[in-house]
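Reading through the structure tokens given below for one structure.
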Amino acid sequence: MNCKACGREIPENSIFCNWCGVKQLRERRSRDEVKVPTPKQLPSGSWTVYLRAEGQSVTEPTRELCLARARAVRAGFVEARKAASGMTLGAAYDAYMEARQGVISPSTYSGYLKLKRSTFQPLMQQDVQRITAEQVQREISQMALEGKSRKYIANAVGLLSSVLRVYAPEVKLDVRLPQRKKVEPRKIEDDEIGAIMAAVRGTEIELPVLMGLWLGMRMSEIRGARFEDIQKGRLHICRAVVTDADGKSAVKPPKTFFGDRWVDLPPEILSLIAAQGRSEGYIVELSGTAIYKRFTRALEHAGIAHCRFHDLRHANAAVMVRLGIDSRYAQERNGWASDRMYKQVYGYTMGDKMSDVSASIDAYFTDKFADKTEK
């Protein structure tokens, strides 16, 4: 066929001219216009349309080309190919994770793999394009009945939604998650901080515990810190060590862009670092599992209520709130992307400080009440 604009020969059924780029589909009158669904953009940047009547998905690099091809298919200019990928949901999960393995952290990949193995199992052998919202809702309800947390279920549905957007964009997931419940985090109070420091004093986990409690470092950042990162009494937090899907240690950048930061090392922590007897390599050589198990064992022996190792970072933020540290400095010191994390998530109020606040308010109103009674 020849281009209707430049007249040059182009392949049959071409949507656009290879030479001048003019669209070859004839413009129809509005009453005869070929109607197709509105294209939707995929995470990859491509655009897609699902033609239900033809049983075919049309995916193209641009929105305009996607619309043109979809109209051509519907008008009969291009032969419709029935969608029959034969890809199961499990295979779609595998393809989705494999394509992103190089750009997501090893711990994130490991988390995806665990979710794939433990959620939506009855659907994994089903054609990905035949998944229905009702099937997914039943699985969500079953997880809720089994006592799975809302966060766990939300993560599972989020991963499933991402997979379907890429490999079955026509599947619409109109599902309902369990109702949110207010969960009170474990708060390490002021008197417990000294007790925790005493419980680990002189042990091999004293240094990692103080790095979490005193410096506000994440477990992965503690494992990633090296002697070479120390300059003039300051530590450059610039890497993290996590556990991958195979249970091996993997090096990655800090959790966020703002996680790359410098912190001042107090003399107490510098002396513990010097006591390692080394001057290169990782400062803490214990695995994350070893640190956590010995930490919880030390708490148990000291009669301190159980808490996660990450709660030490929360306690560090609470101390900064107690001391009235401006959120800008707290944000930079602990590597948060915004001060919201400091104000709303990590920086809880310690109980004894809240008691002082309540006592001050009560005293004010008690005086007012007494004045009114005397009158």
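General observations
- Pairwise label distance in nanometres, His301 with Lys181, each label 7 Å out on the Cα-Cβ vector: 3.5
- For region 99-254, the Kirkwood estimate of hydrodynamic radius, built from reciprocal distances between every pair of different alpha carbons, is 19.2 Å.
- Shape descriptor for region 37-186: Rg over Rh equals 1.03 (Cα atoms; Rh from the Kirkwood inverse mean 1/r).
- Accessible heavy-atom area order of His306, His301, His314, His236, highest first, probe of 1.4 Å: His301, His306, His236, His314
- Applied to region 59-66, the Karplus parametrisation 6.51 cos²θ - 1.76 cosθ + 1.60 on θ = phi - 60° returns per-residue 3J(HN,Hα) values of 10, 9, x, 10, 5, 5, 5, 5 Hz, with x for Gly and Pro.
- Only DSSP H runs of four or more residues enter the estimate; each adds -39500 (n - 2.57), and after division by the residues of the chain the mean residue ellipticity at 222 nm equals -13500 deg cm²/dmol.
- With a 1.4 Å probe rolled over the protein heavy atoms of all chains, the accessible area of Lys248, Lys23 falls in the order Lys248, Lys23, largest first.
- Top positive-direction residue, dipole computed over the chain with Cβ charges, set Gly324, Val103, Gly233: Val103
- For a straight C-alpha distance cut-off of 20 angstrom, the aspartates and glutamates reachable from Lys35 (same-chain residues fewer than eight places away being disregarded) are Glu27, Glu54, Glu60, Glu64, Glu79, Glu170.
- Taking all protein chains as they are arranged and a probe of 1.4 Å, the heavy atoms of Val166 leave approximately 50 Å² accessible to solvent.
- For region 182-248, the spread of Cα positions along each principal axis, largest first, Å: 35, 35, 23
- Across Asp191, Asp94, Asp264, mean-square fluctuation computed from a Gaussian network of the chain (C-alpha pairs under 10 Å connected) peaks at Asp191.
- Taking a Cβ cut-off of under 13 Å around Ala91, the surrounding Lys, Arg, Asp and Glu residues balance to a net charge of -2, with basic ones at +1 and acidic ones at -1.
- 30 Å Cα-Cα threshold exceeded, pairs from Lys181/Lys255; Lys232/Lys293; Lys116/Lys252: Lys232/Lys293
- In Å², nearest 10: area of Ile325 left accessible to a 1.4 Å probe: 60
- Among Met87, Val200, Ala359 - extreme Cα towards positive end, dipole of the chain, charges at beta-carbon: Met87
- Förster radius 51 Å - calculated FRET efficiency between Arg130 and Asp191, Cβ distance, rounded to 0.05: 0.30
- Stokes-Einstein translational diffusion, the chain - Kirkwood Rh over all Cα pairs, 0.692 mPa s, 37 °C, in µm²/s: 126
The values are calculated or read from the model by the stated rules, or taken from the named source; none is laboratory data. Because the structure is a prediction, the values reported are computed rather than measured. A quick note on method: Cβ atoms are made from the backbone with ideal geometry, for glycine too, and the neighbour counts reach across all protein chains shown. When the accessible area is computed, the model is the full protein with side chains, heavy atoms only, and any ligands, DNA or RNA have been set aside. Shrake-Rupley method; radii C 1.70, N 1.55, O 1.52, S 1.80 Å.
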